[in-house]
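Encoded as structure tokens, the structure appears first; notes follow it.
Read-outs throughout are calculated quantities, based only on the coordinates presented, and are distinct from any laboratory measurement. Nothing here was measured: the structure is a model prediction, and the numbers come from that model. Cβ placement follows ideal geometry from the backbone for every residue including glycine, while neighbour counts extend to all protein chains displayed.
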Amino acid sequence: MATETTEAAAAPGMPQLDFSTFPNQIFWLVVTLVVIYMVLSRVALPRIASVLAERQGTITNDIAAAEELKQKAAEAEAAYDKALADARAEAGRIGAEAKAEVQAEIDAAIKKADAEIAARTSESEAKIAEIRDGATAAIQDVAKDTAEAVVAAMGVDVDKAAIAAAVDARVKG
Amino acid sequence: MAEEAKGGGLEFHPMDQFIIKPLFGDAGDQVGMFTITNATFWMAAAILAIAALMILGTRGRAVVPTRTQSVAELAYGFVYKMVEDVAGKDGLKYFPYIMTLFLFILFSNFLGLIPMSFTTTSHIAVTAILAMAVFLAVTILGFVKNGASFLGLFWVSSAPLALRPILALIELISYFVRPVSHSIRLAGNMMAGHAVLKVFAGFAQVAAVAPIAIFGVVAIYGLEVLVSAIQAYVFTILTCVYLKDALHPSH
């Protein structure tokens, strides 16, 4: 501190304008700048440039790889979707086929049943008709016999033919 | 100033910190051209700090950077982008020179903020050489690249013909004032900030104003940190602007 004050007295004003120190400062400044320039241009800047380029390359590669994987995933999904759609269509087709088969069987069974029913119905109708005819004939016979008996009981000559005709006319009417 | 400082028993020597003195030998020795001085010491410190950041910091060459390496890459990217944006793609050839200037000024400014240290960039001799180097390099480069058409820089072809000689004179003056403003801006900023710091520190000797003075020192120190970075940035971007003028002299 004491030396500084004596020095301040020795160098009043701005030390910046003390021209006797200029050659010294300029010399060391030039040395410094040259050294810094050498350090930077020979070692530091190429190294940092290569690191930055490498990083950029890595990022680009990673992005490309990610893009590729994404593409693959999309392809896999498309394939999966296609398989699913195919399976669904196949299932639908099989279902429809089975349904058609069953329907055909059902139709055939119904037709057969209808035919049977129709056959039975006609048979029954024939029998009924036969029975009805039989009944009608029996009624006529009974009516003729009854009429004959009634007429005989009245004491009138029995004209079988006339009675039959009359009964037939009555029954029919 | 000396009488003022003596009053009240206060010792103000705000400019003492800028005195250049030999590092070895007696304080009063003559400073010769090759004498190792405090300026030499702090310039060497700047070299070491730059080497530590830019070489030791990046020795891992890691794709995922460490903290120091990312700071080095930040500085690289900052200046690289500045050169590219301001001077254009063909200015990138001169990127190492501009990076040298930027790092030297930045580290000298910041090293100068260490208490008891010496700020090499507060000396006009240093900044004048930096500015003259830029000025001469840019001027020579302008003539080598463009030949006589570099003089078109001073001939404002978009102005009316009558005004052009006057404008040429103004342009010529402003061109030659560039190194002056370039160097005085940096040295002045650094010197003023450090002198103000010293003045506040001197007031801290008086108990009555010591709290205010110490608060002032803290505030000015914070400001000086900003100024250190900004002045390095300003010097660098002006260098880029001058380089752009040399490469593309048309307005």
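Using modelled backbone amide H atoms (1.01 Å from N, in-plane), which distant-in-sequence or interchain residues come within less than 5 Å of residue B:37's amide H?
The list, which skips near neighbours in sequence, is B:23.
Roughly speaking, what % of Cα-Cα pairs in segment B:199-247 are separated by over 16 Å, rounded to a whole number? Could the numbers behind the result be given before it?
Numbers: 666 of 1176 pairs.
Pairs farther apart than 16 Å: 57 percent.
Using +1 at the Cβ of each Lys and Arg and -1 at the Cβ of each Asp and Glu in chain A, identify which of A:138, A:128, A:74 lies farthest towards the dipole's positive end.
Final value for the positive-end residue is A:74.
Under 12 Å from the Cβ of residue B:72, count the other residues' Cβ atoms, weight Lys and Arg +1, Asp and Glu -1, and hand me the total. Could the numbers behind the result be given before it?
Working: positive: A:47, B:59, B:61, B:67; negative: B:73.
That sum, taken over residues with Cβ under 12 Å, equals +3.
Rounded to the nearest 10 degrees, what's the angle between the helix A:22-38 long axis and the longest principal axis of chain A, both from Cα atoms, 0 to 90?
That helix lies at roughly 30 degrees to the long axis.
Going by the alpha-carbon gyration tensor, a ≥ b ≥ c the square roots of its eigenvalues, is segment B:1-155 rounded (a/c under 1.5) or, if a/c is not under 1.5, prolate (a/b greater than b/c) versus oblate?
Judged from the Cα gyration tensor, segment B:1-155 comes out oblate (a/c at least 1.5, b/c at or above a/b).
If I build a Gaussian network model for chain B, linking alpha-carbon pairs within less than 10 angstrom, which residue out of B:46, B:168, B:207 has the largest mean-square fluctuation?
Maximum fluctuation in the GNM of chain B, among the listed residues, is at B:207.
How far is helix A:160-172 tilted off the main Cα axis of chain A, in degrees rounded to 10, range 0 to 90?
30
Distance in nm between label sites at residue A:79 and residue B:209, each 7 Å beyond Cα in the beta-carbon direction?
Modelled inter-label distance: 8.5 nm.
Would you please give the FRET efficiency between residue A:88 and residue A:108, computed as 1/(1 + (r/R0)^6) with r the Cβ-Cβ distance and R0 = 30 Å, to the nearest 0.05?
So the FRET efficiency works out to roughly 0.50.
I want to verify a result. In a Gaussian network model of chain A, Cα cutoff 10 Å, which of these has the top mean-square fluctuation: A:106, A:26, A:48?
Maximum fluctuation in the GNM of chain A, among the listed residues, is at A:26.
If I take the Cα coordinates of segment B:106-227 and project them onto the principal axes, what are the three extents in Å, biggest first?
Computed over the Cα atoms, the extents are 67, 29, 19 Å.
Quick check for me: using +1 on Lys/Arg Cβ and -1 on Asp/Glu Cβ, what's the dipole size of segment B:38-247 about its Cα centre, in debye to the nearest 20?
Charge dipole of segment B:38-247: 240 debye, to the nearest 20.
Subtract the Cα-Cα distance of residue A:137 and residue A:56 from 0.36 nm times their separation in residues, and report this length gain in nm to one decimal.
17.3 nm
Taking the Cα centre of the protein assembly as shown as origin and charging only Cβ (+1 Lys, Arg; -1 Asp, Glu), how large is the dipole, in debye to the nearest 20?
Magnitude of the dipole: close to 2260 debye.
Per the Cauchy relation, a quarter of the hull surface: what is the mean projected area of the convex hull of the alpha carbons in segment A:29-103, in nm²? Before the final figure, lay out each step's value.
Working: hull surface 22.4 nm².
Reported value for the Cα convex hull: 5.6 nm².
Considering the dipole of segment B:38-247 built from charges on the beta carbon (Lys and Arg +1, Asp and Glu -1) around the Cα centre, which of B:68, B:202, B:39 is farthest to its positive end?
Working it through, the farthest residue towards the positive pole turns out to be B:68.
Could you check which residue among A:103, A:25, A:16 shows the biggest mean-square fluctuation in a GNM of chain A with a 10 Å Cα cutoff?
So, out of A:103, A:25, A:16, the one fluctuating most is A:16.
Given a Förster distance of 45 Å, report the FRET efficiency between residue B:30 and residue B:174 from their Cβ-Cβ distance, rounded to the nearest 0.05. Spell out each step's value before the answer.
Details: r = 40 Å, r/R0 = 0.88.
The value I calculate is 0.70.
Work out Dmax and Rg for segment A:1-127 from the C-alpha atoms and quote the Rg first, both in angstrom.
Calculated on Cα positions, Rg and Dmax stand at 50.3, 159 Å.
Using the reciprocal of the averaged 1/r over all distinct C-alpha pairs, how large is the Kirkwood radius of the protein assembly as shown in Å?
About 31.1 Å, per the Kirkwood formula over Cα pairs.
Suppose each label sits 7 Å from its Cα in the direction of the beta carbon; what would the residue A:38-residue A:71 distance come out to in nanometres?
5.1
For segment B:38-247, just say rounded, prolate or oblate: build the C-alpha gyration tensor, square-root its eigenvalues into a ≥ b ≥ c, call rounded for a/c under 1.5, and beyond that prolate if a/b exceeds b/c, oblate if not.
Oblate.
In nm, to one decimal, how far is the modelled label at residue A:27 from the one at residue B:84, with both set 7 Å along Cα→Cβ?
4.2
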